[in-house]
Amino acid sequence: MQTKNFAILEKRTLASRIVLFRIKAPLIARKCQPGQFVILRLNEKGERIPLTISEYNREEGTITIVVQDAGRTTHELSLMEEGETIEDILGPLGRPTDIKKVGTVVGVGGGVGVALLYPEIKAYKEVGNRVISLIGAQNKDLLFFQDKIEAVSDKVIYSTDDGSFGYHGFVTELLKEILEKGEEKISEVIAIGPIPMMRVVAEITRPYKVKTIVSLNPIMVDGTGMCGSCRVKVGGQTKFACVDGPEFDAHLVDFDGLMKRQKRFLEEEKISLQYQQRG
Ligand SMILES: Cc1cc2nc3c(=O)[nH]c(=O)nc-3n(C[C@H](O)[C@H](O)[C@H](O)COP(=O)(O)OP(=O)(O)OC[C@H]3O[C@@H](n4cnc5c(N)ncnc54)[C@H](O)[C@@H]3O)c2cc1C
Ligand code: FES
């Protein structure tokens, strides 16, 4: 685990409010695996937020994170520039994805979830699976990583909610169509995106009994299984997403409970953002 001195080597805006950072973090880069994340703190007084390791380069000693400006800390981070340093980054955290050769894997990515899906489908491809990627965004200006996704997929289908690129509709409808047509056996589905999207994916694959993995994003604080903040019910049992996940069997996740817990600090988050805007 590495916790100090993290220089931003590269910053790139991928889409509106979505920014990529390549950060010097040799000890994390040496150990991390697809599916793992870090918890970072921008400065001494900052809050701790979890972000997935989207790419890593062991030789260069760097990790790449992709951040959506969603509130106070992600906004502050998105304003940071190359050459600046992040106070501390803890990781790698969470269990790596269990990647095996299973046949055909469908990756479903929505919004910033596409950056989190990328290392997973890359790893699925590397062990010899056929990979079909279904990539959704609200509109064409919010699509990013197309070149990367296409490089590690046998087939990619895009959707936008407004029809400005690819299929006009939700990405989950593409998955439904593939399963309904039944033209090829789907061995596994992995879905990463907003909770409502992952929940719909779980309901689509359930009747077909296709193994389905989702990457959950409950509110995390310590990231070590001690504070209980990230607890979720999976198969009727309490799990801590930071140490038991963040990936779980979608058919066992209590999405209702997860959504409720995700909203529990909405008032505080609004106030925090207002203070920041007032400077
Ligand atoms: C394992 C994991 C991996 C993640 N990976 C990414 C990623 O790669 N890229 C990305 O853009 N986002 C990722 N997220 C979500 C990201 O952590 C939140 O967007 C961020 O914490 C919001 O903080 P804020 O202060 O900017 O916004 P706030 O205004 O504080 O919150 C905005 C929303 O973000 C969520 N959130 C707030 N605090 C936390 C927290 N401590 N932990 C988790 N969720 C929180 C809540 O749903 C909240 O309503 C991940 C979350 C988890 C749990
Ligand atoms: S974040 Fe504290 S138990 Fe998971």
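Given a Förster distance of 22 Å, report the FRET efficiency between residue 102 and residue 219 from their Cβ-Cβ distance, rounded to the nearest 0.05. List each step's numbers first, then the result.
Values: r = 32 Å, r/R0 = 1.45.
In this case the efficiency is close to 0.10.
Taking just the alpha carbons, could you work out the radius of gyration and Dmax for the chain, both in angstroms?
In Å, with Rg to one decimal and Dmax whole: 18.2, 56.
What are the ³J(HN,Hα) couplings of the stretch 173-183, residue after residue, when phi is run through the Karplus curve with 6.51, -1.76, 1.60 and θ = phi - 60°? Round to Hz, x for glycine and proline.
Once θ is set to phi - 60°, the couplings for the stretch 173-183 become 5, 5, 5, 4, 5, 4, 5, 5, 5, x, 6 Hz.
Of 113, 168, 201, which is farthest towards the positive pole of the stretch 104-215's charge dipole, taken about the Cα centre with +1 and -1 on the beta-carbons of Lys, Arg and Asp, Glu respectively?
201
Picking from 236, 225, 166, which is most flexible by a Gaussian network model of the chain using Cα springs under 10 Å?
236
Please state the charge dipole magnitude for the chain, taken about the Cα centre, from unit charges on C-beta atoms (+1 on K and R, -1 on D and E), reported in debye and rounded to the nearest 20.
620 debye
Quick one: among 208, 167, 124, which has the greatest mean-square fluctuation in a GNM of the chain with alpha-carbon springs under 10 angstrom?
Most flexible of the set in this elastic network: 208.
Rounded to the nearest percent, how much of the accessible area of the chain (1.4 Å probe, protein heavy atoms only) is carbon and sulfur? Please report the intermediate quantities before stating the final value.
Working: 6750 of 13440 Å².
Using a 1.4 Å probe with all protein chains present, the chain comes out at 50 percent carbon and sulfur.
What residues have an amide H closer than 5 Å to that of residue 139, excluding those fewer than 5 places away on the same chain, when H is modeled at 1.01 Å from N in the peptide plane?
Distant-sequence amide H within range of residue 139: 161.
Scattering from the C-alpha atoms of the stretch 104-215 alone, worked out with Debye: what is log10 I(q)/I(0) at q = 0.11 1/Å?
-0.28
Under the Karplus relation 6.51 cos²θ - 1.76 cosθ + 1.60, θ = phi - 60°, what is the ordered set of whole-Hz ³J(HN,Hα) values for the stretch 47-56, x standing for Gly and Pro?
7, 9, 10, x, 9, 7, 7, 7, 8, 8
Please give the calculated 222 nm ellipticity per residue for the chain, where each DSSP H segment of at least 4 residues contributes -39500 (n - 2.57) and the sum is spread over every residue; nearest 500 deg cm²/dmol?
On the way: 9 runs with 80 residues, N = 279.
Estimated from H runs of four or more residues: -8000 deg cm²/dmol.
Contour minus end-to-end for residue 10 and residue 57, with contour as 0.36 nm per residue of separation and end-to-end as the Cα-Cα distance?
Numbers: separation 47, 0.36 × 47 = 16.92 nm, distance 1.34 nm.
Difference between extended and current length: 15.6 nm.
At 1.4 Å probe radius, can you tell me the per residue accessible area of the chain in Å²? Each step should come with its number before you reach the end.
Numbers: 13440 Å² over 279 residues.
About 48 Å² of surface per residue is accessible.
With equal scatterers on the alpha carbons only and no solvent term, can you work out the Debye log10 of I(q)/I(0) for the stretch 6-93 at 0.13, 0.17 1/Å?
Ignoring solvent entirely, the Cα scatterers give -0.35, -0.62.
Relative to the longest principal axis of the chain, what angle (0 to 90°, nearest 10) does the C-alpha long axis of helix 266-278 take?
50 degrees
Would you mind checking the tilt of helix 113-126 against the longest principal axis of the Cα atoms of the chain, expressed as 0 to 90 degrees and rounded to 10?
60 degrees
Tally the DSSP beta bridges in the chain and give the antiparallel ones as a percent, rounded to 5.
Bridges in the chain that DSSP calls antiparallel: roughly 60 percent.
The values are calculated or read from the model by the stated rules, or taken from the named source; none is laboratory data. Keep in mind the model is a prediction, meaning the values are calculated, not measured. Here the Cβ is made from the backbone with ideal geometry for all residues, glycine too, and neighbour counts use every protein chain on show. Each accessible area value is taken on the protein alone, full model and side chains, heavy atoms only, with ligands, DNA and RNA left out. Shrake-Rupley method; radii C 1.70, N 1.55, O 1.52, S 1.80 Å.
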